[in-house]
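**Student:** This is the structure, below, for whatever I ask next.
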Amino acid sequence: MALHTWLLYLTAVIGLSLTPGPNGLLALTHGALYGHRKTLWTVAGGVIGFAVLMALSMFGIGALLKASANALILLKWLGGAYLVWLGIQLWRAPALHLSAPTPAAAKPGPTLLRQGLLSALSNPKVILFFGAFLPQFLDPRGDLLVQFALMVLTFALVEGLVEYLLARAAHRIRPWLARSGKGFNRCCGGLFALMGAALPMTR
């Protein structure tokens, strides 16, 4: 993967990780309930789950590319259309309203890890999303395994860092989402739509 392609991928991943999602909200909630250190278990579970889903998605992409040399072009355009559709849905989504958390008894770390893992794995749309997103950055002439490994590592590090920061800032972010959640959704939705329109045309 060329450096400029990886930088474009990194920028997109940062934007995606900031978009509201089940694992981000779970990290936010657990951060408020149990503290940011304990929530590291939740974050680790989510990152592991996403890595598994990325691997499954990449297996399908790799098999398709081996079957057809023109498959990547088709994946790019279908994926771009899907990202635009997701952006429209997020733009129209209502603002998130998170109630103030009540004090909770501490849970063991493995329980939090399992919750983070299941939160990631229980969303089958994530596989479809990765199937639309990842081909935008692939170079079929390069080593697919190396590119896939770099993509997974980059995503895991960025997603883990964002979820941890959400957990640390839980008490400050919750009121902000109540005030500015609709505008935040539109910003993220616009980002999705822009990526979906622009990425298939990149080389």
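The values are calculated or read from the model by the stated rules, or taken from the named source; none is laboratory data. The shown structure was predicted, so the numbers you read here are calculated from the model rather than taken from an experiment. Virtual Cβ from ideal backbone geometry, glycine too; neighbours counted across all protein chains shown.
**Student:** Specify which of the listed residues (LEU26, LEU56, LEU3) is surrounded by 17 or more Cβ atoms within 10 Å (Cβ to Cβ), aliphatic (A, V, I, L, M) and either touching a residue at least 24 places away in the same chain (Cβ under 8 Å) or out of contact with any Asp or Glu (no Cβ under 6 Å at 6 or more places or on another chain) (or both). It would help to see each step written out before you state the result.
**Tutor:** Working: LEU56 fails: surrounded by 17 or more Cβ atoms within 10 Å (Cβ to Cβ); LEU3 fails: surrounded by 17 or more Cβ atoms within 10 Å (Cβ to Cβ).
Sole residue among the options that is surrounded by 17 or more Cβ atoms within 10 Å (Cβ to Cβ), aliphatic (A, V, I, L, M) and either touching a residue at least 24 places away in the same chain (Cβ under 8 Å) or out of contact with any Asp or Glu (no Cβ under 6 Å at 6 or more places or on another chain) (or both): LEU26.
**Student:** Please determine, by comparing only the residues of region 7-23 that are buried (at least 18 other Cβ atoms within 10 Å of the Cβ) and among the polar types (S, T, N, Q), which one is modelled with the lowest pLDDT.
**Tutor:** The extreme case among them is THR19.
**Student:** Another question, if that's okay. Looking at (1) at pLDDT below 75; (2) under 16 Å from VAL52 (Cβ atoms), can you tell me which one LEU153 breaks?
**Tutor:** (1)
**Student:** When the residues of region 90-130 are narrowed to those that are modelled with pLDDT of 75 or more and exposed (fewer than 14 other Cβ atoms within 10 Å of the Cβ), which ends up farthest from GLY190 (Cα to Cα)?
**Tutor:** Within region 90-130, the match that is farthest from GLY190 (Cα to Cα) is PRO108.
**Student:** Consider region 157-189. How many of its residues are hydroxyl-bearing (Ser, Thr, Tyr) and modelled with pLDDT of 85 or more?
**Tutor:** Narrowing region 157-189 to residues hydroxyl-bearing (Ser, Thr, Tyr): 164, 180.
Adding the requirement that they be modelled with pLDDT of 85 or more leaves 164.
Result for region 157-189: 1.
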